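Take a look at the structure below.
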Amino acid sequence: MKYLLTIILMTLMMTVSGVCEISDVPKSDPAFPAIQRSVNSGYLLAYGNQFRPNDAISRKEMAILIDRMLTLLDKGPVNLNDAEKQELGHLSKTYKQYLSTLELTVNDHTSRLGKAESEQETLRFDISKTQSDLQDRIDELKVENRKQHKFIILGIITAAIVGLLG
């Protein structure tokens, strides 16, 4: 439990100063109060009045979170009031739902990619087969063309002989 609390708190420790009215998260969003309070309390970073809820966290931001968490842990146990515990629980639940949704999305894309790769292989086979069939037909037409060419020449020679004799 202590480690879970540490990890969750670590994600909440980016600081800003002052009060910020978040404009890119609708007030109707269930996470809005927690996001607003976390930013205004200095736990999470805002960019102007933007929270950017769908942005990935960078390695630099994670390093800052870890450093702040380690500094906080060096000071001793973290005491949370009931409102902070409730907010932490809400953020944890929201994050868990987001990860679950993200996992479903990744699994869906992985499945689609597998199907696309299979279809691509089928198309490659079909193209190769069609090319082979076309080459076979071209070869057949060349042989038939040679036969017709011989008959035309034979016909011309026969007509010339008949013309000379007649």
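The values are calculated or read from the model by the stated rules, or taken from the named source; none is laboratory data. A quick note: this is a predicted structure, and the numbers were derived from the prediction, not measured. Note that we place each Cβ from the backbone using ideal geometry, even for glycine, and neighbour counts take in every protein chain shown.
Comparison of 124, 112 shows that the only residue that is part of a helix (DSSP H, G or I) and under 30 Å from residue 57 (Cβ atoms) is 112.
Checking each residue in segment 30-51 for being surrounded by 14 or more Cβ atoms within 10 Å (Cβ to Cβ) and in contact (Cβ under 8 Å) with a residue 24 or more places away in the chain picks out 31, 34, 37, 38, 42, 43, 44, 45, 46, 51.
Please verify whether segment 132-155 includes one or more residues that are farther than 30 Å from residue 39 by Cβ and hydroxyl-bearing (Ser, Thr, Tyr). Taking every residue of segment 132-155 in turn, at least one turns out to be farther than 30 Å from residue 39 by Cβ and hydroxyl-bearing (Ser, Thr, Tyr). For the condition touching a residue at least 60 places away in the same chain (Cβ under 8 Å) and either over 24 Å from residue 22 (Cα atoms) or under 26 Å from the mean Cα position of the chain (by Cα) (or both), residue 73 qualifies.
Taken over segment 85-113, the criterion of being under 19 Å from residue 46 (Cβ atoms), of a type outside the set (A, V, I, L, M) and more than 22 Å from the chain's Cα centre (by Cα) is satisfied by 87, 90. Can you confirm whether residue 77 is at pLDDT 85 or above and either part of a loop (DSSP other than H, G, I, E, B) or small (Gly, Ala, Ser) (or both)? Against the criterion (at pLDDT 85 or above and either part of a loop (DSSP other than H, G, I, E, B) or small (Gly, Ala, Ser) (or both)), residue 77 does not qualify. Quick test for you: out of 57, 66, pick the one residue that is modelled with pLDDT of 75 or more, surrounded by 12 or more Cβ atoms within 10 Å (Cβ to Cβ) and not in a helix (DSSP H, G or I). So the residue among 57, 66 that is modelled with pLDDT of 75 or more, surrounded by 12 or more Cβ atoms within 10 Å (Cβ to Cβ) and not in a helix (DSSP H, G or I) is 57.
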